[in-house]
Structure formats: structure tokens, C-alpha cells
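Contents: one structure, followed by commentary.
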Amino acid sequence: MGAEREQMDIRAILAGLTFALIWSSAFSSARIIVAEAPPMLSLSLRFFLSGLLGVIIARGLGQSWMLTRDQWKATLVFGICQNALYLGLNFIAMQTVEASLASIIASTMPLLVALAGWLIFRDRLPPLGVIGLCAGIIGVGLIMGARLQGGTDLFGVALCLIGVCALTTATLMVRGASSGGNLLMIVGLQMLVGAAALLVPGLMFETWDVTWSPRLTAAFAYTTIFPGLVATFIWFWLVGRIGAVKAATFHFLNPFFGVAIAAILLGESLGAVDIFGVAIITIGIFMVQRSRIAPR
């Protein structure tokens with residue numbers, strides 16, 4: 001039984017690492033998109049295409065859109081809170097905020113999830129898990145402090161902070177969507193919810209002024225398929241397997257992957273403090289994951 005539990009943890013860790021890598025790369029691809037296209041309208045189109053593709057694949061696999069009441073509720077909340085609010089506000093913010101900073105702010109979400117989980121759902125973590133969470137927070141704080149010293153747009157930062165609070169709500173609400181089957185259908189439907197929620201303000205406040213280029217096309221296609229469908233599917237599976245609080249710790253990897261990818265693709269800076277903070281974050285994630293392995 002212990003070996004089986006260990007194997008389950010390894011699968012969760014691999015899935016979490018894959019999710020964090022894809023999810024963090026979305027910040028750089030989004031930065032490319034908003035430089036040449038309106039943020040809300042382009043994001044609405046991305047959600048529509050991702051959602052439509054997800055629903056078609058789900059129907060081909062025999063999945064039904066006859067969801068349970070809890071699944072519909074979670075799908076609507078997830079579509080609005082994560083897609084429309086969290087990603088919508090981040091897309092707007094990244095017109096002035098670096099992709100690396102946006103990914104760092106997103107990585108503070110595990111603290112909010114842990115706090116909300118304790119207050120609302122009475123979740124508990126072993127002492128080792130609590131220490132791991134604290135280590136992750138310290139690592140994020142180091143990277144964040146170094147970034148803020150360089151000066152940044154405070155309004156954009158505020159939008160990212162509001163977005164991460166919305167993502168926290170979505171993470172907790174996914175509890176109801178990760179059971180009962182039809183997982184890929186749920187992913188597709190919540191994408192369509194996000195597309196509809198962003199379309200109205202996009203039409204009200206933006207114009208479809210796009211500078212088409214191979215760079216924009218590649219970034220849009222990648223964002224539609226991988227962060228849009230693949231990462232979201234992995235996230236639903238991960239939360240259903242290990243719970244919202246423990247799954248959320250993988251967001252601590254966002255600073256590392258986000259900063260590294262932004263440095264490679266966009267030429268954003270990567271300093272010694274970033275590397276040191278990433279090391280602390282990695283140790284924190286290991287401690288949280290290790291804490292859930294049952295003693296022999």
C-alpha cells in the first residue's frame with residue numbers, strides 16, 4: 001500500500017510540473033499577444049476556439065454535457081473567475097507589466113487557497129506541509145521584492161492581484177467539477193463561459209485592431225491549445241486527485257518557469273535573487289508533496 005501511495009504521489013508531481021510549465025509559459029505568450037492585439041477580444045476568441053475544440057473532442061469520446069448541478073455551478077464559477085477575471089485582468093495588465101512579474105503574482109495563490117480552505121472547508125496540512133507553504137511564500141517574496149525595486153506599473157500590479165483572488169475562488173470551486181466524469185466536456189464548457197463573459201466588455205471598450213505577424217499567430221495558436229486546453233485538463237485532474245490546497249502549491253513554480261521562459265523568449269531579466277528564490281520554492285513544493293505520503 002505504501003509503494004502504491006508513493007507511485008500516486010509521483011504521478012501527481014509529474015502532472016503538477018507539466019501543468020506549471022505550460023501554465024507559466026502562457027504569461028510570455030500573452031505578453032506577445034497583447035502587444036499586437038486587443039487583450040479582451042483576443043482572449044475571448046482564444047476561449048471560444050479552445051472551448052469549441054474541447055467540446056467537440058469530448059463529444060467524440062462519448063462525454064455528455066448533461067452535467068450534475070454541482071458540476072454546472074463549478075463550471076460557471078471557474079469560467080468566470082479564472083477565465084474572465086483572472087486571465088482577463090492579467091491580459092490587460094500585461095500591456096504594462098512584465099510577464100515574469102505577472103507569473104510571480106499568480107504564484108501567491110497557494111497561500112490564499114490554504115487560508116480559504118482552512119476557514120471555509122476546514123482543510124488541514126501536516127506540519128511539514130505548513131513549513132513547505134511558508135518556504136514557498138518566502139521564495140516568492142524574495143523574487144517579488146527584487147522585481148518591485150526596479151519600478152513597475154502599480155495599476156497593472158493591482159489588476160494582477162485582483163485576478164489572483166479570483167483564481168483562488170476558481171480553485172476552490174473546482175472541487176465540484178472534478179467528480180462525476182465528463183472532465184474534458186467541463187473544460188470545454190468553462191472556456192465557452194469565459195469567452196462569453198469577455199466578449200461584452202471587449203466590444204464595449206476595445207476595437208479589433210490587430211497587427212498580424214508569424215510571432216502573433218504562433219503565440220495565439222500555442223495559447224489556445226496548450227494553456228487553454230491541455231493545462232486546464234491537467235489542473236482539473238490534479239485537484240480531483242490531491243485536493244485544491246496541495247495542487248495549488250505547484251503555482252509556486254510559476255516564478256521559476258515564468259521568469260525563465262520570459263527571459264528566453266522576451267529578453268526579460270533573470271538575476272541571482274531569482275535563482276535563489278526558485279531554489280527555496282522548489283524545496284517548499286517538495287515538502288508539501290512529501291507531507292501527504294502516509295507513514296508506513
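The values are calculated or read from the model by the stated rules, or taken from the named source; none is laboratory data. Just so you know, these numbers come straight off a predicted model, no measurement behind them. So basically every Cβ, Gly included, is an ideal-geometry build from the backbone, and we count neighbours across all protein chains shown.
Some observations on this one:
- If only residues of region 139-182 that are surrounded by fewer than 23 Cβ atoms within 10 Å (Cβ to Cβ), over 20 Å from the mean Cα position of the chain (by Cα) and in a helix (DSSP H, G or I) are counted, the one that is modelled with the highest pLDDT is F155.
- From the options E206, E268, residue that is among the acidic types (D, E) and within 16 Å of L45 (Cβ to Cβ): E206
- Region 90-126 - residue that is in a helix (DSSP H, G or I) and modelled with pLDDT of 85 or more and, of those, nearest to L43 (Cα to Cα): F91
- Region 247-296 - residue that is of a type in the set (S, T, Y) and either assigned to a helix (DSSP H, G or I) or modelled with pLDDT of 75 or more (or both) and, of those, surrounded by the most Cβ atoms within 10 Å (Cβ to Cβ): T249
- Residues of region 219-233 classified as aliphatic (A, V, I, L, M) and closer than 14 Å to F91 by Cβ, total: 1
- Checked against the criterion of being assigned to a loop (DSSP other than H, G, I, E, B) and not aliphatic (A, V, I, L, M), the candidates S29, S25, S64 yield just one match: S64.
- Checked against (1) under 20 Å from L192 (Cβ atoms); (2) of a type outside the set (G, A, S); (3) surrounded by fewer than 23 Cβ atoms within 10 Å (Cβ to Cβ), T96 passes all but a single condition, namely (1).
- Within region 38-51, the set of residues being among the aliphatic types (A, V, I, L, M) and in contact with an Asp or Glu (Cβ under 8 Å, 6 or more places away or on another chain) comprises M40, L41.
- Matching entry among F48, F91, F121 (being in contact (Cβ under 8 Å) with a residue 24 or more places away in the chain and crowded, with 23+ Cβ neighbours inside 10 Å): F91
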